[in-house]
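Before any comments, here is the structure.
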Amino acid sequence: MVNVIKNGVVYRQGKGLEISQLNDEQIAAARKKTIAYPILTSHSTSDGDDLKIKFDAMASHDITYVGIIQTARASGLKEFPVPYVLTNCHNSLCAVGGTINEDDHVFGLSAAKKYGGIYVPAHQAVIHSYMREMMAGCGKMIIGSDSHTRYGALGTMAVGEGGPELVKQLLGRTYDIKRPGVIAVHLTGKPRAGIGPHDVAIALIGAVFKDGFVKNKVLEFIGDGIANLPIEFRNGIDVMTTETTCLSSIWVTDEETKRYYTLHGRSEDFKALSPEDGAYYDGAVEIDLSKMESMIALPIHPSNAYTIKEFNANAKDILAEVSEKAAKELGVPTFSLVDKYHDGGVWADQGVIAGCAGGIFDNVCAAGDILRGKSIGCEAFALSVYPASQPAYLQLIKNGICADLMSSGATLRTAFCGPCFGAGDVPSNNGLSLRHTTRNFANREGSKPGEGQIASVALMDARSIAATAACGGKITAATEIDVEYNTYEYKFDKSVYTNRVYFGYGKANAEEKLILGPNITDWPEMVSLSDNLVLQVASYITDPVTTTDELIPSGESSSYRSNPHRLSELTLSRKDPAYVGRAKSVREVEYARRDGKKIFDGELSKIAEKHGLNEENTVVGSVIFANKPGDGSAREQAASCQRVLGGCANIAVEYATKRYRSNVINWGMIPFTVDEAPDFSVGDYIVIPDIRKAVENALPTVTAFIYGENEKTLELTMPELTDDERKIILAGCLINFYKY
């Protein structure tokens, strides 16, 4: 199904890919023939490969836009310089925290009026469906404060980043990166009936995630197989490219793409995009769509991929292996999925089709075809379907699919991202949920192991979820059942948005008052980097990868996204519950220093004397170590919460994503790296003399002194910091950088 080529390749029109025989000079010229190269170049304000990008549009949802606007406001924001879409698809239930969530929405509308934004009320659309329908355009670039900001199938290069990167755009600054490598994803063949976009996406992620082959690169989809995919099928694959850890994506555009733009009343946004003959790629992934199988991604990552056929044939062994690995990573030795195998199969408790990946029109129609005239049963298994936008929902009502699904026993909900991050359809203890959503990270479905509750998510395509529902919850591949799939015409009714969405771009009103609810608070003071730095280790995480969900939980924290201090109380609450208390203790020492009190006494006195530290030249903060932190969401709070608690650095073997590393920097923390897990422990002190000079002079390494059970030294690396990144760290955070 999937073949990975790790050598450079050249694209030949009409022939496909061949292993490159080009020399360095020829490669440099051939790189310019990709689709990605001219788009990146045209959006960069600088020449060469140090890109300084300005985007055509921006997007945020209601657990990120408050913090972004508050940060930009503190840094001098006057009005939004580009179209900025504020959707309300994450906190839209407003079911937790009293009026907190709805206060955020009121703030969002007032901000759209004051600064000239586009405000999409709750239940109208999930963020990425709206951006596809209304904002994408061939050759454009869009940045969003959600990691699944991907519109490549519509010819738009989109990037998901932490909030501070959007703040930079709001303040007229640029998104600064080295020109990324480009990997060809060469599609051939045609998928058979029952195969959906999640099947292709899971197979792709399974092939490339573990070794980081496409990390921080652009995936460029080419090949004659693209013509065999409807546009929504392409969108469904494209949005999942985030899980490969690539930077962005772009696809060949064709008549099918043009039809999409025409259908949405935006034919002028179409432009034919394709690589030139001889385009050079840094590697390739070949996917034969005709050989694609129905797939399942087992807990606890989308890359844990199996064909459903293979899984069902070896269910006992695979479930035992997955359970053992997950129990170790979760720290819950009793966790097991083995009991899900009985009565000749593996049985799930829940199915969910939702969000930017699952809730698209074609997926829901296919599920309706499978379940028409059938029953999901009256036992434990339940099925929920969330169409991803009101225009799509309206058409599903008109064509009868909603009636078919409801008659089968499925429930239909409005556009909501909650099932993707643990704020909706949280399964019961020991429950197994099958989801056509974006992620199945540990506890992302909303369970709380620390309180004795744990559940699991496996990712499957909507078609196989519907097939499973038709079998009462017994995991079944859609390719194993006989179904007559129909072709449904989609008619986009823009009046749904015209009658409800606030279109304020270009109409900023400085006199408009921002409406701040009691839970919307300003950021606390963050001091600039001192001459010297004393860090105390507040957490030491040995897992191979640490997700942003573990750094700051996704579900229960949603109501406090606009309140930095309250939100910070949940930092690492699932992974290391004692972290907050440790970090606060260190922060109290730093607060005492700022208040003019003597802090270099007691256990710190000898350290201070040895290194010439005093209250005027040294800041005290906490630090976490993790092998590979930051996989997953773009949420800036994964870093900002550490900073609010007094964090001054991260130490890692590597950073899982560029966006998390950027978040660490933008919140004034130093992203140190080490070659291997260091020999220090929680509670140890790390002294870094002359750190300010090291950052100012762009030194690649610094020597740190460890004080714990034994005294030792450690070389810390801080490579590839741009001039602005160093200035942000020196200033103490992005807010300070712009303020001063």
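The values are calculated or read from the model by the stated rules, or taken from the named source; none is laboratory data. Because the structure is predicted, anything quoted here is derived from the model rather than measured. Virtual Cβ from ideal backbone geometry, glycine too; neighbours counted across all protein chains shown.
General remarks:
- Considering residues of the stretch 428-457 that are of a type in the set (A, V, I, L, M) and either touching a strand residue (DSSP E or B) at 6+ places or on another chain (Cβ under 9 Å) or crowded, with 24+ Cβ neighbours inside 10 Å (or both) only, the residue nearest to Thr546 (Cα to Cα): Ala442
- Filter result for Arg643 (in contact with a Gly (Cβ under 7 Å, 6 or more places away or on another chain), closer than 30 Å to Asp543 by Cβ, in contact (Cβ under 8 Å) with a residue 40 or more places away in the chain and assigned to a helix (DSSP H, G or I)): yes
- Selected residue (criterion: modelled with the lowest pLDDT) from residues of the stretch 401-427 that are under 26 Å from the mean Cα position of the chain (by Cα), buried (at least 24 other Cβ atoms within 10 Å of the Cβ) and farther than 17 Å from Ala348 by Cα: Gly422
- Near pairs, Cβ below 7 angstrom, 6+ apart or cross-chain, from the stretch 585-608 (under 15 Å from Met526 (Cα atoms)) to any residue that is of a type outside the set (A, V, I, L, M, F, W, C): Val586/Gln536; Val586/Gly621; Val586/Ser622; Val586/Gly646; Arg587/Gly646; Glu590/Gly621; Glu590/Gly646; Arg593/Glu615
- Qualifying residues in the stretch 498-534 (those that are part of a strand (DSSP E or B) and in contact with a helix residue (DSSP H, G or I) (Cβ under 8 Å, 6 or more places away or on another chain)) - the one farthest from Glu603 (Cα to Cα): Tyr502
- Contacts under 7 angstrom Cβ, first residue in the stretch 624-637 being under 22 Å from Thr71 (Cα atoms), partner among the aromatic types (Phe, Trp, Tyr) and part of a loop (DSSP other than H, G, I, E, B), 6 or more apart: Gly630/Tyr655
- Residue in the stretch 692-702 that is in contact with a strand residue (DSSP E or B) (Cβ under 9 Å, 6 or more places away or on another chain), over 26 Å from Leu51 (Cβ atoms), among the charged types (D, E, K, R) and in contact (Cβ under 8 Å) with a residue 60 or more places away in the chain present: yes
- Taking first residues from the stretch 182-208 that are surrounded by 23 or more Cβ atoms within 10 Å (Cβ to Cβ) and partners that are modelled with pLDDT of 95 or more and of a type in the set (Phe, Trp, Tyr), the Cβ contacts under 7 Å between residues at least 6 apart in sequence or on separate chains come to Val182/Tyr281; Ile183/Tyr281; Ala184/Tyr11; Ala184/Tyr281; Val185/Phe221; Leu187/Phe221; Pro197/Phe233.
- Hits in the stretch 279-331 (condition: in a helix (DSSP H, G or I), under 27 Å from the mean Cα position of the chain (by Cα) and under 17 Å from Val200 (Cα atoms)): Leu289, Ile308
- Only one of the listed residues (Arg574, Arg587, Arg561) is outside the structural domain of Lys448 (by TED's automatic domain parsing) and either closer than 13 Å to Val619 by Cα or over 20 Å from the mean Cα position of the chain (by Cα) (or both). That residue is Arg587.
- Pick from the stretch 548-605, criterion touching a Phe, Trp or Tyr at 6+ places or on another chain (Cβ under 9 Å), among the acidic types (Asp, Glu) and modelled with pLDDT of 85 or more, ranking: surrounded by the most Cβ atoms within 10 Å (Cβ to Cβ): Glu550
- Scanning the stretch 23-53 for residues that are assigned to a loop (DSSP other than H, G, I, E, B) and either touching a helix residue (DSSP H, G or I) at 6+ places or on another chain (Cβ under 6 Å) or crowded, with 19+ Cβ neighbours inside 10 Å (or both) turns up Thr34, Ile35.
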